[in-house]
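Chemist: Following this message is one structure expressed as structure tokens.
The values are calculated or read from the model by the stated rules, or taken from the named source; none is laboratory data. Nothing here was measured: the structure is a model prediction, and the numbers come from that model. FYI the Cβ positions are ideal-geometry reconstructions off the backbone, even for glycines, and counts take in every protein chain you see. When the accessible area is computed, the model is the full protein with side chains, heavy atoms only, and any ligands, DNA or RNA have been set aside. Shrake-Rupley method; radii C 1.70, N 1.55, O 1.52, S 1.80 Å.
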Amino acid sequence: TKTHAVLYKHWEKIGAILLFALALAVVQVLFKIAAQHIKGPIGFDSHTLGQLIFNPYLLLSLALYAVTALYWVLLLREIDLSRAYLAIALALVLVPLSGTILFGEPLTARLVIGLGIILAGLAVALW
């Protein structure tokens, strides 16, 4: 029925936004892994440049970032910018949680409160 088609399209858009937010978070995790693989002192020299150019995690993160940007452009054909950009807020929650889970970064009470405020704001904006 027509109602089911509209509902399906709505959930399809939400799924697309969630996928975008997840991709943004994955890119940030890959950037962190890439940074961890840079050894020794860094500077504007051939040694540092070589470590960046041949860093597989950096190359993968840049490639995924490019694909994510293309996906974003396609999303904006179907979703209002004001709604779609809220995916950034979700990524702002996923990235710190990923840092805690994957890298053992501290999950402080202040961080948890901040993430809760972001999620509450997201809920209000989407309501």
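Chemist: Which one of the conditions (1) surrounded by 17 or more Cβ atoms within 10 Å (Cβ to Cβ); (2) over 24 Å from Lys9 (Cβ atoms); (3) not charged (D, E, K, R) does Gly40 fail to meet, given that it meets all the rest?
Modeler: Just one mismatch for Gly40, condition (1).
Residues are listed down the side, and each one gets a yes or a no for (1) in contact (Cβ under 8 Å) with a residue 60 or more places away in the chain; (2) in a helix (DSSP H, G or I):
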{"site": "Tyr8", "(1), (2)": "no, yes"}
{"site": "Ile14", "(1), (2)": "no, yes"}
{"site": "Ile17", "(1), (2)": "yes, yes"}
{"site": "Gln28", "(1), (2)": "yes, yes"}
{"site": "Glu105", "(1), (2)": "no, no"}
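Chemist: If a residue has to be assigned to a loop (DSSP other than H, G, I, E, B) and loosely packed, with under 14 Cβ neighbours inside 10 Å to count, how many in the range 64-83 make the cut?
Modeler: Going through the range 64-83 one residue at a time, the tally reaches 1.
Chemist: I would also like to ask the following. When the range 36-66 is examined, which residues are found to be within 17 Å of the chain's Cα centre (by Cα) and closer than 23 Å to Leu102 by Cα?
Modeler: Correct list: Tyr57, Leu58, Leu59, Leu60, Ser61, Leu62, Ala63, Leu64, Tyr65.
Chemist: Of the residues that sit in the range 84-103 and are free of Cβ contacts under 8 Å to residues at least 60 places away in the same chain and open to solvent by 50 Å² or more (accessible area, probe 1.4 Å), which one is nearest to the chain's Cα centre (by Cα)?
Modeler: Filtering first and then ranking leaves Leu92.
Chemist: Return a yes/no flag: does the range 37-50 have any residue that is among the basic types (Lys, Arg) and part of a helix (DSSP H, G or I).
Modeler: No: zero hits.
Chemist: Let me ask you something else. So Ile113 ticks every box in (1) within 19 Å of Ala34 (Cα to Cα); (2) open to solvent by 40 Å² or more (accessible area, probe 1.4 Å); (3) modelled with pLDDT of 95 or more but one. Which box is left unticked?
Modeler: With respect to (1) within 19 Å of Ala34 (Cα to Cα); (2) open to solvent by 40 Å² or more (accessible area, probe 1.4 Å); (3) modelled with pLDDT of 95 or more, Ile113 is out only on (1).
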